[in-house]
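Chemist: Mind having a look at this structure? Questions to follow.
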Amino acid sequence: MKKQWAIMLALTFIITAHAAACDICGCGAGSYYIGMLPEFNKKIMGLRFRYNALRTHLGAGGQTSYLTTREHYRTAELWGGWNLGAKIRLMGYLPVSFNEKRNQSGGASKTGLGDAGAQVLYKLLDQKKAMGTKLLVHTLWMGAGVKLPTGKYEKPVKTTGQQDANIFQLGTGSTDFTANAMYDIRIQDMGLNAQLSYKLNTVNSDQYRYGNRLTANIQAYHKFRIARKWTLSPNMGALYETSRQDNDNGFKVPVSGGNLLAGTIGFEAVFNGFTIGGNFQEPLHQEMAGGFVKAGSRAMLHCAILF
C-alpha cells in the first residue's frame with residue numbers, strides 16, 4: 001500500500017511541477033490526447049479520426065470582427081502498437097491532416113501528411129491482489145517518444161499591424177520529444193486511468209520554436225461484460241493542457257500559448273479481436289494566446305484490430 005501511495009504522490013508532483021513551469025499553452029500543432037488505450041497482448045493496428053475547431057483573431061473580451069476566423073482541423077491517423085515481451089510496448093502513428101479556415105474575406109485549406117511519431121513504454125508496475133471477494137489490479141507504464149518533421153511547415157506571411165497565431169500548419173518543422181506516464185488502478189470492474197505527457201519542442205529551420213506542452217488527463221470507467229463476448233467501458237473525466245509561449249527568432253510570440261481545461265466523455269468496446277472507441281471533449285475553462293484564440297469542442301474516434 002505504501003508503494004501505491006508513493007506512485008500516486010509522484011504523479012501528482014510531476015503534474016503540479018510542470019503546470020507551474022508552463023504558464024501559457026500553445027494551440028497550433030494539435031492535442032496528443034488519445035483517450036484510454038485498449039489492452040492488447042501482442043499487436044494492435046488501427047485508424048484514428050480527430051476533429052478540432054478554433055476561432056482566431058478575437059478581440060478584447062472575445063469580440064468578433066470581420067477578421068475573426070473559424071478554423072477546422074481534421075486528421076486521419078494510422079496507428080499501432082507492438083508488445084515486446086511482458087514489459088516493453090512500442091507505439092507509432094502516421095497522420096494525414098485536412099485543415100481549413102474561413103472568414104469574411106475568404107478562406108484557405110491545407111491537406112497532407114502530418115508529423116509522424118513513435119513511443120516506447122516500459123511497464124514499471126503490474127500487480128494483482130485480492131481484496132475480500134474483489135480483485136485489485138493496477139499498472140504503471142512510463143516511457144519516451146520522438147515526433148518527426150514529416151508534415152510540411154510553411155513560413156507564415158506576416159501582415160503589418162496584424163498579429164497571427166502560427167497554428168495553421170500541417171507540421172511543426174521540428175524534431176520534438178515526449179515523456180509519458182500511464183497509471184491504471186481497478187477494483188474488479190471499476191477503475192481510474194491517469195495519463196501524463198510532456199512534449200519538448202526544438203527549433204525548426206525557420207528559427208521558430210513552438211512552446212513546450214504538458215497534457216494531463218484522468219478518467220473514471222466501468223467495464224461491462226455483455227453476453228460473454230463484448231466488453232464495453234464507458235468513461236468520463238477531465239483533461240488539462242498547458243504550454244509556454246512560442247519563440248520566433250529569439251522573441252516570445254504574444255499570440256501563442258495558454259491553458260485549457262476540458263471535460264471528457266467516451267467509451268471503449270472490444271469484441272472478438274476488434275476494438276472501437278471514441279471520446280468527446282468540451283472546454284470548461286481556457287485562456288489561449290492571450291484571448292486571441294478560442295477552442296471549440298473536440299472529438300476522436302478509433303477502431304483497431306488486435307492480433
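Quick grid of which residues meet (1) charged (D, E, K, R); (2) at positive phi; (3) over 20 Å from the mean Cα position of the chain (by Cα):
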position	(1), (2), (3)
273	no, yes, yes
279	no, no, no
282	yes, no, no
287	yes, no, no
290	no, yes, yes
295	no, no, no
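Chemist: Restricting the search to the stretch 265-276, which residues are open to solvent by 10 Å² or more (accessible area, probe 1.4 Å) and either within 20 Å of residue 174 (Cβ to Cβ) or assigned to a strand (DSSP E or B) (or both)?
Modeler: 265, 266, 267, 268, 270, 271, 274, 276
Chemist: Taking the stretch 250-263 as the search range and keeping residues that are crowded, with 21+ Cβ neighbours inside 10 Å and aliphatic (A, V, I, L, M), which one is farthest from residue 210 (Cα to Cα)?
Modeler: It comes out as 262.
Chemist: Where the second residue is of a type in the set (A, V, I, L, M, F, W, C) and assigned to a strand (DSSP E or B) and the first is under 13 Å from residue 293 (Cβ atoms) and lies in the stretch 64-76, which pairs have Cβ atoms under 6 Å and are six or more apart or on separate chains?
Modeler: 71/54
Chemist: Exactly one of (1) part of a strand (DSSP E or B); (2) over 27 Å from residue 39 (Cβ atoms) is unmet by residue 65. Its number?
Modeler: Against the list (1) part of a strand (DSSP E or B); (2) over 27 Å from residue 39 (Cβ atoms), residue 65 comes up short only on (1).
Chemist: Continuing with the same structure: Could you please tell me which pairs satisfy a Cβ distance under 7 Å, a separation of 6+ or placement on different chains, a first residue in the stretch 166-184 that is at positive phi, and a second residue that is polar (S, T, N, Q) and not in a strand (DSSP E or B)?
Modeler: As it stands, the answer is 173/204; 173/205, since those pairs meet every condition given.
Chemist: Return the residues of the stretch 68-99 that are of a type in the set (Phe, Trp, Tyr), under 30 Å from residue 55 (Cβ atoms) and open to solvent by 60 Å² or more (accessible area, probe 1.4 Å); say none if nothing qualifies.
Modeler: 98
Chemist: Is it the case that the stretch 221-234 has a residue that's in contact (Cβ under 8 Å) with a residue 40 or more places away in the chain, among the small types (Gly, Ala, Ser) and within 21 Å of residue 179 (Cβ to Cβ)?
Modeler: no
Chemist: Moving on. From the list 217, 279, 247, 235, which residue is over 23 Å from residue 49 (Cβ atoms) and surrounded by 16 or more Cβ atoms within 10 Å (Cβ to Cβ)?
Modeler: Every option except 247 fails the conditions.
Chemist: Taking the stretch 239-258, which residues are outside any strand (DSSP E or B) and touching a helix residue (DSSP H, G or I) at 6+ places or on another chain (Cβ under 7 Å)?
Modeler: Of everything in the stretch 239-258, those that are outside any strand (DSSP E or B) and touching a helix residue (DSSP H, G or I) at 6+ places or on another chain (Cβ under 7 Å) turn out to be 254, 255, 256, 257.
Chemist: Next question. Consider only pairs whose beta carbons are under 6 Å apart and that are at least six residues apart or on different chains; among these, list those whose first residue lies in the stretch 115-130 and is under 25 Å from residue 149 (Cα atoms) and whose second residue is part of a strand (DSSP E or B) and of a type in the set (S, T, N, Q).
Modeler: Pairs that qualify, where the first residue is under 25 Å from residue 149 (Cα atoms) and the partner is part of a strand (DSSP E or B) and of a type in the set (S, T, N, Q): there are none.
Chemist: Just to be sure I understand the filter: pairs with C-beta atoms under 8 Å, separated by 6 or more residues or on different chains, first member in the stretch 286-305 and under 24 Å from residue 41 (Cα atoms) and of a type in the set (Gly, Ala, Ser), second member open to solvent by 30 Å² or more (accessible area, probe 1.4 Å) and assigned to a strand (DSSP E or B). Which pairs pass?
Modeler: 304/45; 304/47; 304/274; 304/276
The values are calculated or read from the model by the stated rules, or taken from the named source; none is laboratory data. Just so you know, these numbers come straight off a predicted model, no measurement behind them. Ideal geometry is used to build each Cβ from the backbone, glycine not excepted, and the neighbour counts take in all protein chains shown. Heads up: the accessible areas ignore ligands, DNA and RNA and are worked out on the full protein's heavy atoms, side chains in. Shrake-Rupley method; radii C 1.70, N 1.55, O 1.52, S 1.80 Å.
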